[in-house]
Amino acid sequence: MINVTIDGKNYKIPENYTVLKACREAGVYVPTLCYLEGINQVGSCRLCLVEVERQKNLKASCVLPVAEGMVIKTNTKRVREARKVNLELLLSNHNRECTSCERSGNCELQRLSDEIGIRNIEFIGEKTVKPVDTSSPSIVRDPSKCILCGRCISVCSKVQGVSAIGFRNRGFKTTVGPIFDKGLGEVDCINCGQCIINCPVGALKEKESIDYVWDAIEDPSKYVIVQTAPAVRAALGEEFGLPIGTRVTGKMAAALRRMGFDKVFDTDFGADLTIMEEGFELLDRIQNGGKLPMVTSCSPGWIKYCEHFHPDMLENLSTCKSPHEMLGAVMKTYFAQKHGLDPKDIFVVSVMPCTAKKFEAKREELRESGFPDVDAVITTRELAKMIKQASIDFNKLPDEDFDEVFGESTGASVIFGVTGGVMEAALRTVSEVVTNKPLEKIKFNEVRGLEGIKEAEITLGDKNIKIAVANSTGCANKLLEKVKSGEKEYHFIEIMGCPGGCINGGGQPFVSDKTKTEEDVLGKRANALYEEDESKTIRKSHENPMIKMIYDEFFEKPNSHKAHEILHTHYVK
Ligand code: HC1
Ligand code: SF4
């Protein structure tokens, strides 16, 4: 520990800290715009400037290491004026259509402009003119709003291991984008949307499907079914001012009903069905010499990453479609037959925390009924916008249930939304199928927690199986390199494309860097899902009575020929 003085008070600080980190730990607020702890520490926005005694120039605190005896001042006239000038310069080349901007109300630039006291921009000069990139199925990039902070670039390369975007050109012509001015849809972008949720401004957003969904609801010839992913319920409330981690499952179902959907179903049912199919697929591969390790296939960002960066592992992927695609396929086959509906008239909307699901829904592999399994995907943020457009007072809604029978789900399925959840849900079922005895403990703590890679050895009857969980494609890459080199051996691996799993998907509500430093956002969202699991009377997928019913009435048994036709697929890039 070393001694530093911040704004006249003495503190003992670990010697490997930056000045910014020291200030944060001391409870002294220093504004930042480009900073993301451990990911983007580049000192480019110059808003975190501080004065350091005996040093002539102001210093960017995010890249300045602390030193013994350092005297730091964060709030002098010189510091305030420098921050203001730097912010004005940023704003002078920024598209300031604030009232109609996607991020109005939660833009970090807008908030700082207010805090720092910008009331008019004195530097009026030339503006760079850059076209909007709409080439991606999931993401829209508007370079006129980009402030060149580099957060998206760092997240894409350092966290996701993709490097689809970078700084291009020099000086006034500098932009952020894919190589050779290509569109995001023309490069190896995996559509994960981590760049969106880490963008402080409105330069990146999802490709919206709001009007498409409203039109379907208005169309009398369409039977419109909505389903909601596990992680949406853990974060939607944030859009309505509720504390992070508030679970809003019942209010969400009530809002969807009032919006005019014909049926309000739960993707959690699809997750229970996935566990049945994936669990039996794993047992079959282990018992009959199939390709191992088997790797989960529910995360479309991960699937695309596998196609681009580990194509030699495509056979390791489970053949299961993801839960919302399974439920969509069930709607256009079993549900259509049972209710005398023509599949062409059924319109399935998935509400997802994920931008890659928009891409997934368009895949040619996922339309065995002759129609897309899922017709439209909207993110958690888009659902919030639709609820607001419909003038629904969300916080005053009563808690309502999902519709029968595809609203019936178990505790196992809801934890799919947090890293380790798919693995835990699978283990709950596979253990009981193998041993034919009820589990002594239902929680698998070995796979819980937000570390990037988790490993464990689990006893299944007379066999030990080795498992691993990776969250973020960057961590997946590290894990798979070890598998390929022979350093590690596993039977079953869960990979989710986003850090923390779907609770931190690219379609989830924005959380500012400031809030992230003050609250354990992912821990709170994860707890919301674990609480929902604990609140359920049935917590194992194979015990869901409606799952039993659909096998009795339609699929016969897990991995049957019919189940393979409707619920499984192959990715062969
Ligand atoms: Fe997910 Fe999944 S858990 S992929 O993270 O397997 O998006 O929540 O819906 O399909 O169930 C996302 C979440 C989601 C699927 C499920
Ligand atoms: Fe990179 Fe993901 Fe953004 Fe694509 S969506 S640019 S892969 S962070």
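The values are calculated or read from the model by the stated rules, or taken from the named source; none is laboratory data. Since the structure is predicted, the reported quantities are computational estimates derived from the model, not experimental observations. Neighbour counts are summed over all protein chains in view; Cβ atoms, including those assigned to glycine, are modelled from backbone coordinates with ideal geometry.
Brief remarks on what is shown
- Residue check for Ala456: touching an Asp or Glu at 6+ places or on another chain (Cβ under 9 Å), assigned to a strand (DSSP E or B) and under 26 Å from Cys156 (Cβ atoms): no
- Pairs linking a residue in the stretch 162-179 that is within 18 Å of Lys145 (Cβ to Cβ) and touching a residue at least 40 places away in the same chain (Cβ under 8 Å) to a residue that is of a type in the set (Ser, Thr, Tyr) and surrounded by fewer than 16 Cβ atoms within 10 Å (Cβ to Cβ), with Cβ atoms under 8 Å and 6 or more positions apart or on different chains, are Phe172/Thr128; Lys173/Thr128; Thr175/Thr128.
- Condition met for Gly500 (at positive phi, touching a strand residue (DSSP E or B) at 6+ places or on another chain (Cβ under 7 Å) and within 15 Å of ligand 1 (Cβ to nearest atom)): yes
- Within the stretch 160-174, being within 14 Å of ligand 2 (Cβ to nearest atom) and touching a Phe, Trp or Tyr at 6+ places or on another chain (Cβ under 9 Å) holds for Gln160, Gly161, Val162, Arg168.
- Selection count where residues are in contact (Cβ under 8 Å) with a residue 60 or more places away in the chain and either part of a helix (DSSP H, G or I) or within 16 Å of ligand 1 (Cβ to nearest atom) (or both), scope the stretch 127-144: 4
- Evaluation of Ala470 against (1) buried (at least 17 other Cβ atoms within 10 Å of the Cβ); (2) of a type in the set (A, V, I, L, M, F, W, C); (3) in contact (Cβ under 8 Å) with a residue 60 or more places away in the chain (one fails), failing number: (3)
- Looking across the stretch 371-389, the residues that are farther than 18 Å from Pro509 by Cβ and either of a type outside the set (Val, Ile, Thr) or modelled with pLDDT under 95 (or both) come down to Phe371, Pro372, Asp373, Asp375, Ala376.
- Residues in the stretch 387-412 that are part of a helix (DSSP H, G or I) and either in contact with a strand residue (DSSP E or B) (Cβ under 7 Å, 6 or more places away or on another chain) or of a type in the set (D, E, K, R) (or both): Lys388, Lys396.
- Considering Ala203, Ala229, the condition of being touching a Pro at 6+ places or on another chain (Cβ under 8 Å), under 20 Å from Ser138 (Cα atoms) and away from ligand 2 (no atom under 16 Å from the Cβ) is satisfied by Ala229 alone.
- When restricted to residues that are in contact with a Leu (Cβ under 8 Å, 6 or more places away or on another chain) and farther than 26 Å from Ile147 by Cβ, the stretch 53-91 contains 0.
Listed here are the residues, each with its yes/no results for (1) farther than 27 Å from Asp188 by Cα; (2) part of a helix (DSSP H, G or I); (3) in contact with a Gly (Cβ under 7 Å, 6 or more places away or on another chain); (4) modelled with pLDDT under 95.
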{"position": "Val422", "(1), (2), (3), (4)": "no, yes, no, no"}
{"position": "Val434", "(1), (2), (3), (4)": "yes, yes, yes, yes"}
{"position": "Leu439", "(1), (2), (3), (4)": "yes, no, no, yes"}
{"position": "Val483", "(1), (2), (3), (4)": "no, yes, no, no"}
{"position": "Ile493", "(1), (2), (3), (4)": "no, no, no, no"}
{"position": "Phe510", "(1), (2), (3), (4)": "no, no, no, no"}
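- When the criteria are applied in full, Gly27 fails the requirement of being assigned to a loop (DSSP other than H, G, I, E, B), under 27 Å from the mean Cα position of the chain (by Cα) and surrounded by fewer than 17 Cβ atoms within 10 Å (Cβ to Cβ).
- Considering the stretch 306-317, the residues that are under 21 Å from the mean Cα position of the chain (by Cα) and either hydrophobic (A, V, I, L, M, F, W, C) or buried (at least 24 other Cβ atoms within 10 Å of the Cβ) (or both) include one that is farthest from ligand 2 (Cβ to nearest atom), namely Leu317.
- Lone unmet requirement of (1) more than 16 Å from Val414 (Cα to Cα); (2) in contact with a helix residue (DSSP H, G or I) (Cβ under 6 Å, 6 or more places away or on another chain) for Ala271: (1)
- The set of residues from the stretch 490-532 being acidic (Asp, Glu) and touching a Pro at 6+ places or on another chain (Cβ under 8 Å) comprises just one member, Asp513.
- You will find that of Ile118, Ile147, Ile124, the residue that is more than 16 Å from ligand 2 (Cβ to nearest atom), closer than 21 Å to Gly183 by Cα and either hydrophobic (A, V, I, L, M, F, W, C) or assigned to a loop (DSSP other than H, G, I, E, B) (or both) is Ile147 and no other.
Residue-by-condition table, conditions (1) more than 13 Å from ligand 1 (Cβ to nearest atom); (2) buried (at least 21 other Cβ atoms within 10 Å of the Cβ); (3) at pLDDT 95 or above; (4) within 22 Å of Glu408 (Cα to Cα):
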residue: Arg285; (1), (2), (3), (4): yes, no, yes, no
residue: Trp302; (1), (2), (3), (4): no, yes, yes, no
residue: Lys321; (1), (2), (3), (4): no, yes, yes, yes
residue: Leu327; (1), (2), (3), (4): no, yes, yes, yes
residue: Lys332; (1), (2), (3), (4): yes, yes, yes, yes
residue: Asp345; (1), (2), (3), (4): yes, no, yes, no
residue: Met352; (1), (2), (3), (4): no, yes, yes, yes
residue: Lys357; (1), (2), (3), (4): no, yes, yes, no
residue: Ser369; (1), (2), (3), (4): yes, no, no, no
